[in-house]
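Take a look at the structure set out below.
The values are calculated or read from the model by the stated rules, or taken from the named source; none is laboratory data. Only a predicted model underlies this, so the values are computations on that prediction, with no experimental measurement involved. Heads up, the Cβs are rebuilt from the backbone with ideal geometry, glycines too, and the neighbour counts pull from every protein chain shown. In case anyone asks, the SASA skips ligands and DNA or RNA and just uses the protein heavy atoms, side chains included. Shrake-Rupley method; radii C 1.70, N 1.55, O 1.52, S 1.80 Å.
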Amino acid sequence: MRSWLDVCQPHQPLWSKTWPSAQKQKKTASSNRGQIKADISSAEGEAAHQEGAMEPPEDKDGRTFVEVISEKYSPENFPYRRGPGMGVVVVSTGGPQGSPMKDRLNLPSVLVLNSCGISRSGDQAEIAAFCAHVMELDLSHNKLQDWHEISKIVSNIPNLEFLNLSSNPLAGMTLEPRWAEAFSSVRRLVLNNTQVSWDTVLLLTREIPELEELFLCHNEYSSVSPSSVACPTLRLLHITDNCLKDWAEVRKFGSMFPCLDTLVMANNNLSSIQDSKDILQRLFPKLRSINLHNSGLNQWEDIEKLNFFPKLEEVRLQGIPLLQAYTNAERRSLMIAQLPSISLLNGSAVTDSEREDAERFFIRYYLDYPEEELPYRYHSLVNKYGKLEPLAEIDLRPRCRAQVEVHCEEKVEQLSIRLDQTVAELKKQLTTVVQLSTNSMRLYYIDKGSAFGPEEMKYNTRALHSYSIQDGDEILVVPKTK
């Protein structure tokens, strides 16, 4: 089973006015599973869709599901092939007698039908005859706005586990309970950018007994209502890019989805985490991963409360106001030190050595803060490591100048020289000191701390810092003899 990260990757629409040739379809058949993705909840995904999509044939009433699969998966456009990977299933001839599609379709178990102008189901007998083996179905970016029509499609695909309805115009559409029963086999449901009502979401969670993953991005939810019936099978809730600001709304997810493992709430302007340790432990006993990217958290107390989730081991927290004033290194160190139980921060593993460095950094960071401003975690770490002294400031930058004695015959001059220059440049500097041209002098370096004798500086392009010249060393200038 794919992870929620896989499901949220952008996909390119597959519609074309002329379906691809048999050869191209053969190459792409094995990749269909990777193409059936939920709508990405970012502007980049939307832009990719708009640029890549081609409009289906004009039909003000839209097209039927049956029409689209009969055209796309006909033998001319989608030939049978054998080999490793997902493969393509040749459907048996057990369809209804007289079926115009009988013996004609080669359907894979993963159907990608996004951006095909589908608005209706078509003949249900045909769907049942040819889609009994289908397990994943992408109907995103179509014209489906009637839950009854959707239920006609889904009810005739008994093994369906993954359904993507993203970017279909379902705002204000009513789902009758008798239609919702058709979704009972679905385990992963994607409703991004549908503006589907929260009441419809609750009905679906009640009618789908083994729902594991639910995607509700870009639906403009600012509040949610609790459910009288919990959904104990849901493990992942992806509800990014909505308008949830109050923790009181997030709290409801705990009672609705008591076995929630992963909560993705990026790009909601959540202002704080308001519950106590006891409440968070009771509501989210199995939460392992939380994503609060680009939320409105602005107090360290909210970060400390993440420690109250008893199973939490992965946190994603970028783009929050609290961290804007810190450098990238400070952000990561302070976060790791505040969250002793996490093993993944913003997608990167936290090693034992990194944690120790971060915790020591945390103690030193708060050394000069008054007692009343010290975070609770500070005292825990002082008990662990003791009250550490500030690190000594050591300048490891290479020396850029040195004070040397220049000897030329009987003359001795004190001279400050740049160590980033070359021997040739030093000779130019010495011309005014020793009254010799650059071509008329030889230079020797004398290391006052070494037992070795003078070293001739005979390579004009060599940098002075390579000699390790120190203050007090000598430069001996010897005139060349003619």
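Among residues belonging to the stretch 268-294 that are among the aliphatic types (A, V, I, L, M) and either open to solvent by 60 Å² or more (accessible area, probe 1.4 Å) or in a loop (DSSP other than H, G, I, E, B) (or both), point out the one that is farthest from S343 (Cα to Cα). The qualifying residue farthest from S343 (Cα to Cα) is L270.
Within the stretch 431-441, is there a residue that is small (G, A, S), more than 19 Å from T481 (Cα to Cα) and either more than 48 Å from the chain's Cα centre (by Cα) or open to solvent by less than 60 Å² (accessible area, probe 1.4 Å) (or both)?
The first filter runs over the stretch 431-441 and keeps only residues small (G, A, S), leaving 437, 440.
Of the ones still in play, those that are also more than 19 Å from T481 (Cα to Cα) are none.
No, there is no match, as no residue in the stretch 431-441 is small (G, A, S), more than 19 Å from T481 (Cα to Cα) and either more than 48 Å from the chain's Cα centre (by Cα) or open to solvent by less than 60 Å² (accessible area, probe 1.4 Å) (or both).
Kindly establish whether F253 is farther than 29 Å from P177 by Cβ and in contact with a strand residue (DSSP E or B) (Cβ under 9 Å, 6 or more places away or on another chain). Full working, then the answer.
Details: farther than 29 Å from P177 by Cβ: no; in contact with a strand residue (DSSP E or B) (Cβ under 9 Å, 6 or more places away or on another chain): yes.
So F253 fails the test.
Filtered by the rule that a residue be of a type in the set (D, E) and open to solvent by 50 Å² or more (accessible area, probe 1.4 Å), the stretch 213-240 gives a lone residue, E220.
Checking the conditions here, which among S341, S440 is in contact with a helix residue (DSSP H, G or I) (Cβ under 7 Å, 6 or more places away or on another chain) and free of Cβ contacts under 8 Å to residues at least 60 places away in the same chain? Let's see the steps before the verdict.
On the way: S440 fails: in contact with a helix residue (DSSP H, G or I) (Cβ under 7 Å, 6 or more places away or on another chain).
Exactly one of S341, S440 is in contact with a helix residue (DSSP H, G or I) (Cβ under 7 Å, 6 or more places away or on another chain) and free of Cβ contacts under 8 Å to residues at least 60 places away in the same chain, namely S341.
Just one of the listed residues (A325, A329, A337, A358) is within 20 Å of the chain's Cα centre (by Cα) and among the small types (G, A, S), and it is A329.
Taking into account only those residues within the stretch 442-460 that are farther than 19 Å from K480 by Cβ and open to solvent by 70 Å² or more (accessible area, probe 1.4 Å), which is modelled with the highest pLDDT? If we take residues in the stretch 442-460 being farther than 19 Å from K480 by Cβ and open to solvent by 70 Å² or more (accessible area, probe 1.4 Å), then K448 is modelled with the highest pLDDT.
Listed by first and then second residue, the pairs linking a residue in the stretch 444-469 that is polar (S, T, N, Q) to a residue that is assigned to a helix (DSSP H, G or I), with Cβ atoms under 9 Å apart and 6 or more places separating them unless they lie on different chains, are N460/V423; N460/A424; N460/E425; N460/K427; N460/T438; T461/V423; T461/A424.
Taken over the stretch 295-339, the criterion of being farther than 24 Å from G254 by Cβ, touching a Phe, Trp or Tyr at 6+ places or on another chain (Cβ under 8 Å) and surrounded by fewer than 22 Cβ atoms within 10 Å (Cβ to Cβ) is satisfied by E330, S333. Meeting the requirement of 2 or more residues that are modelled with pLDDT of 50 or more and open to solvent by less than 20 Å² (accessible area, probe 1.4 Å), the helices (runs of 4 or more DSSP H) wholly within the stretch 38-141 are 65-72, 124-130.
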